[in-house]
Amino acid sequence: MSKQAKVIEIEEVAIRFSGDSGDGMQLTGTLFSDTSALYGNDVSTFPDYPAEIRAPQGTVGGVSGFQVHFGHTQINTPGDYCDVLVAMNPAALKANFRWVKPDGIIIYDVDQFDAKNIEKAGYKSDPFEEEDVTGIQLISAPISNLTRESLKDIGLDQKSILRCKNMFALGIVSWLYDRPLDHSISFFNKKFAKKPLLVEANTKVLYDGYYYAETIEAFTSNFKVRPADIEKGTYRSINGNTAVAWGMIAAAEKADLQLYCGSYPITPATGILEELAARKDLRVKTFQAEDEIAGICTAIGASFAGSLAVTTTSGPGLALKGEAIGLAVMTELPLVIVDVQRGGPSTGLPTKTEQSDLMQALYGRNGESPVVVIASSTPSNCFDYAYMACKIAVEHMTPVILLTDGFLANGSEPWRIPDLNDFPDIKVPRVAPNTKNWQSYARDPETLTRTWAVPGTQGMEHRLGSLEKMNITGTVSYVPENHELMSHIRDQKIQKVAADIPPLEIIGDEDADLLIIGWGGTYGHLVTALTEVRREGHKVALAHFNYIFPLPSNTSEVLGRFKKLLVCEINLGQFANYLRMQHPEYPYRKFNKIMGLPFTVKDLTEAVIKNLED
Amino acid sequence: MDIEQLKPEDFKSDQMVRWCAGCGDHAILSSVLKALPQLGYKHEDVVFVSGIGCSSRFPYYVNTYGFHGIHGRAMAVASGVKTSNPNLCVFVITGDGDGLAIGGNHFIHLVRRDIDVNLILFNNRIYGLTKGQYSPTSKQGSVTKTSPFGTIEQPFKPGGITIGANGTFFARTIDSMPKVSTEILLEAAKHKGTSITEVLQNCVIYNDMTFGDITDRDNRDDRIIMLKHGEPMIYGKNQDKGLMMKDNQLHVVQLGENGISEKDLLVHDAKTEFAGIHLLLANMDFPNYPVALGVIRACESPKSYDVKMVDQIEAVHEKSKIHSVYDLLHSGSTWEVK
């Protein structure tokens, strides 16, 4: 007989699932977060996994984690610290103990806590003596043995049986937070449609975990997190990489252009290429090239031929694409380059997040080579900024670099599905049919944009190329005055994009002394820190940048309103230095972390309060 | 304009041709201009893509669509043009440095994918535009500005690379034989898949007479063999030499000697998929062998990459329920908040 546990209502919870990279923690976390989103909570997730596909089993290097933060209120970050840590082995405990709240719960698979695994994880004695677990509730669950027991008669081999143990853990946590199981079960049915035995096994273990939690009486209560009070509409869960891919597809549909992606796989950007490759139903063309350079060069060829062309990469790939970006600048062709930033330099931290490609995006090319640089700031608004990147690229006949990062790319959140009719039109600067005496570098006097004539159009045959072009005629030119004129035109052409971008907005107290400044993927953490600091009774404001070059036209005016400017970023201060260059009239303070991890709200809050005080 | 009525002059651009006087590129340009009206493509459907080097100025001199890229990347740019719009007739103009050194990777992958573009490789065995450094096709021992004591590296053989990368078409011509070049270029353009045409080209300034052994008018016919599909491999001023296969090797034989007659000679089969014989023929070099000109390999490609790409897209499009961004955004798990 199971005891009816007490139900406690709470506002928000963060759960971290962790285990060996082969333990299926990413799937467990995804199923839990999707279930919570379907239930109506606001959700933010953070997958934290190693670069190695299968690092040695049982070692700290091989630990894969997935944090889910869900709540009744608005959730902007995956949470600094977790209320519940699920540790499938001692290494998972070792790697993640620092993230458990002092009054949190640790659920661990006691069967994996044997002497060998404890030693492999780097503990010398009992892990729960080595770590300070005072105040933490420890739930020792024989997950492996109960999974074996549960499936002993089902007709699977031992290895396949043990693969199901993550579902036992999911069952336990599902009971604890009163989550329905039907989403996970329908997932099994779809995923293992051809292997009914696996559907049965995973479903059984999931239920057994759920009933185990209900029965053991170890939990004095379970918790209810009511649906969040969010805007009406149809929702879905989305991560940053998928949102980028879909934003570009949406732009192509709106502009009535063929979407063409020339790219090369690179962590953490590959998901965009994978999603686009799957979208042949929408006639997206993808070309997996032999290297990063060929990736962008095929995109440039496609752009010349009239496609909406994009290339996707991360920092090392952006370095390789530099010369070709210059070619797109010189030929004044539309092109979107997506850089999903990761820890650098060199190969750096492939699976970790960072904001250190800003200077590379702005200046990492030979010659005076200006391009538009924009950055998305949440997983779901990657859709909006990918759309805007395409719109600007096409309308202004220029390369646009869209910066996201590993945190946005893999993080997911519920997203109210937008109506494409609400998005601005994309006007393609095609040459009007039957134009007489068309000249390839003749320009719109307002925007300085040239027009786009594509092969196959009669009477518009022309040559583009990497050599300097004579303005208006587009022929090769070595004339000194022309080069100076063209250098200014290329610069002005990008500056004029500022007319199309929205003004910078202030969140928080307009009359505060201190303005927090951020850009890109740190938005969720900054806005949460802002709320915390204001809750503590301080006045503070936040300006978060999505448009980097050009900056919004009112930037100087906004910055001038505050006494203290604190630029927070996950690098050594690149945006602060950029602002110093653009607006040297103001002094800037900096707060930087560079650990391959998102900010913690705690660190930010402390930094803001410290800067308020001195 | 009616395609039938186009003339070579209709493809000339108004730009002054800036190659050195006596450069082999002039002759190649003229051969290409002669071939263009015969391709059956409308003027506006032809695109020339090049990289960097003397030869890569080519697109500026042709009055079609053209794209002068960056060093080594013409193959990649052209791959993008052709896969973006398979209706276009795409030429790649590249040289031995652009196509085989800095662009070597793109060269082999273009060939491997078999995208339907026509690549013309201007091989002069030297870097001309940078004023005389050795290239990947320079003969071992070549004395150049960067090899003042002679190169110590093995040269590439473009035919060998093409065939090694599973190429379906390889041909060779010489700049000084413009009529032959035009004929070969027409064959190359007809080929459905990547065609590689190597043009042995003289650089009058930095590598003059590098192909002098085989281009010298007095001896030329004894040192080259013009391969034609289905015809026996006969050559020589007096049409008295031929090629035979013995012990897995090619042998030069004299007709009439040792009882050898025309029927003992190899008959050129450009269409066989068996690459071994094509590799031997493509790699023949003077003085041990005559240098092979003509279409050495022209296998039937069932379907080029660009066509397969469209076929796959149409097949998936047909089957899928997702036909718009609206369908996509509402696919999979969604939920209502009321």
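Nothing in this text is a laboratory measurement; each read-out follows from the coordinates by a stated rule. Note that the structure is predicted; figures quoted are calculated from it, not measured. Every residue, glycine among them, receives a Cβ derived from its backbone with ideal geometry; neighbour counts consider all protein chains shown.
Worth a mention:
- Close amide H partners of A:ARG430, meaning residues 5 or more places away or on another chain with modelled amide H under 5 Å apart, are A:TRP452.
- Near B:THR173: Cβ cut-off under 11 Å, other residues only, Lys/Arg at +1 and Asp/Glu at -1. The net charge is -2.
- Cα centre as origin, Lys/Arg/Asp/Glu Cβ charges: the range B:43-137 dipole, Debye: 300
- Taking Lys and Arg as +1 and Asp and Glu as -1, the other residues whose beta-carbon sits under 13 Å from that of A:GLY456 total 0.
- Among A:VAL205, B:VAL267, A:VAL225, A:VAL68, the ranking by other beta carbons within 10 Å of each residue's beta carbon, starting with the fewest, stands as B:VAL267, A:VAL225, A:VAL205, A:VAL68.
- A helix-only calculation puts chain A at -11000 deg cm²/dmol for mean residue ellipticity at 222 nm, using -39500 (n - 2.57) for each DSSP H run of at least four residues, averaged over all residues.
- Crossing angle, helix B:24-35 versus chain B [Cα axis fit, 0-90 degrees, rounded to tens]: 60
- Once the C-beta distance of A:HIS488 and A:THR73 is scaled by a Förster radius of 45 Å, the resulting FRET efficiency is 0.35 to the nearest 0.05.
- Candidates B:LEU227, B:LEU280, B:LEU29: whichever shows maximal mean-square fluctuation once chain B is modelled as a Gaussian network with Cα springs under 10 Å: B:LEU280
- Placing a pseudo-label 7 Å from each Cα along the Cα-to-Cβ vector at A:ASP603 and A:GLU368 gives an inter-label distance of 3.9 nm.
- Taking 18 Å as the straight-line reach from the Cα of B:LYS237, the lysines in range (excluding those fewer than 8 positions away in the same chain) are B:LYS228.
- Restraint check, B:LYS82/B:LYS271; A:LYS116/A:LYS352; A:LYS280/B:LYS308; A:LYS94/A:LYS124; B:LYS179/B:LYS271; A:LYS391/A:LYS427, Cα-Cα greater than 18 Å: B:LYS82/B:LYS271; A:LYS116/A:LYS352; B:LYS179/B:LYS271
- Between A:VAL338 and A:THR311, A:THR312, A:THR313, A:LEU402, the built amide H atoms are under 5 Å apart, and every one of these is 5 or more places off in sequence or on another chain.
- Relative contact order [Cα under 8 Å, 6+ residues apart], chain A, whole percent: 12
- Inter-probe distance in nm under a simple model that places probes 7 Å from Cα toward Cβ, at B:LEU129 and A:THR347: 3.4
- In this structure the amide hydrogen of A:ASP80, modeled in the peptide plane, comes within under 5 Å of the amide hydrogens of A:VAL601, none closer than 5 places in sequence on its chain.
- Here the dipole of chain A is about 1220 debye; that uses its Cα centre as origin and unit charges on the Cβ of Lys and Arg (positive) and Asp and Glu (negative).
- Figure legend: label point modelled 7 angstrom from the Cα of B:VAL267 along Cα→Cβ; residues of the range B:215-239 with amide N under 17 Å from it are B:227-235.
- Spin-label zone in the range A:201-245 - amide nitrogen under 16 Å from a point set 7 Å from the Cα of A:ASN421 along the C-beta vector: A:234
- Sequence of B:SER147, B:SER331 once ranked by neighbouring C-beta atoms within 10 Å, starting from the fewest: B:SER331, B:SER147
- Sorting A:439-448, B:170-179, B:117-126 by average packing, meaning the other beta carbons within 10 Å per residue, from highest down gives B:117-126, B:170-179, A:439-448.
- Set of the range A:211-253 residues, backbone N closer than 14 Å to the point 7 Å along the Cα-Cβ line of B:HIS330: A:233-236
- Here each label is just a point 7 Å from Cα along the line to Cβ, and for B:GLN312 and A:ARG226 those points are 5.2 nm apart.
- Other residues within the sphere of radius under 14 Å centred on the Cβ of B:LEU121, judged by their own Cβ, net out at -2 (K and R +1, D and E -1).
- Length-normalised contact order of the range B:186-272 in % [C-alpha pairs under 8 Å, at least 6 apart]: 20
- FRET efficiency, B:LYS303 to A:ARG430 (Cβ-Cβ, R0 35 Å, nearest 0.05): 0.65
- Residue order, fewest to most beta carbons within 10 Å, for A:ILE517, B:ILE161, B:ILE70, B:ILE322: B:ILE322, B:ILE161, B:ILE70, A:ILE517
- Lysines whose Cα lies under 25 Å from that of A:LYS563, excluding same-chain neighbours fewer than 8 positions away: A:LYS539, A:LYS590, A:LYS593, A:LYS602, A:LYS610
- Fully extending the segment from A:GLU9 to A:GLU200 would add 65.5 nm, taking 0.36 nm per residue of separation and subtracting the current Cα-Cα distance.
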